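Here is the structure we will look at, set down as structure tokens.
The values are calculated or read from the model by the stated rules, or taken from the named source; none is laboratory data. Since the structure is predicted, the reported quantities are computational estimates derived from the model, not experimental observations. Virtual Cβ from ideal backbone geometry, glycine too; neighbours counted across all protein chains shown.
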Amino acid sequence: MKYCVYYEEKTYRILDYLPKGMDPAMINQINEFWNQDICRKMLITISEMEVTSIPQLKKIIGHSMSTLHDNIEKLSQAGLLETELTYVGNKKRNLIPTILFITKNPKFKIQFKKFFQGLWIDSKKTQQVIDFLQKHHGHYYSIEEISAKTRIPVDEIEMLLGNWDSLTTRTLSNVMKERPFEKKVMYKGKKA
């Protein structure tokens, strides 16, 4: 993925863009399509899946094929998604996201949760993240990718996975004592 867009799940308000130096023209295009209900639903749905077809998108979103085709064409021209034709039996048009749209909590909620991190553990969400990682055990995922696929806000994913590094949390919780996933942290330098 080239870009990430963080948004508030309840209001769909965009909170942040990554990378920080994103082209202003791209930000304007993202905002323009984000404010259209059908396009926003399409971008979120395509972001959740690595590759999806138009019939799958129609099942999830529920609009007519002509509406979907028109919006797919617009989003593709704007560079917000890529389309790829495959020929397996029938001709099939796959949709591939170029931008991850990720939920993120508002700042006050993040600060509140960080204050109580390790004391209140959301076992349901933790189990959902662990199930996702174990289902796709052959791949490494960034926190943003996990958030997009599970629809759990990115800051909560970071805290849930961070709880496995805390001895206090692991002592107090009834979840497995050994980390059920492999952790790999990567860093990349920026041009000066």
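See the values below:
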| read-out | value |
| --- | --- |
| Complete set of residues in the stretch 140-166 that are in a helix (DSSP H, G or I) and among the β-branched types (V, I, T) | I143, I146, T150, V154, I157 |
| Those residues of the stretch 50-67 which are touching a strand residue (DSSP E or B) at 6+ places or on another chain (Cβ under 8 Å) and not polar (S, T, N, Q), in sequence order | E50, V51, I54, L57 |
| Residue within the stretch 27-47 that is among the small types (G, A, S), touching a strand residue (DSSP E or B) at 6+ places or on another chain (Cβ under 7 Å) and outside the structural domain of S142 (by TED's automatic domain parsing) present | yes |
| Residue identified as in a helix (DSSP H, G or I), at pLDDT 90 or above and surrounded by 17 or more Cβ atoms within 10 Å (Cβ to Cβ) among L57, L43 | L43 |
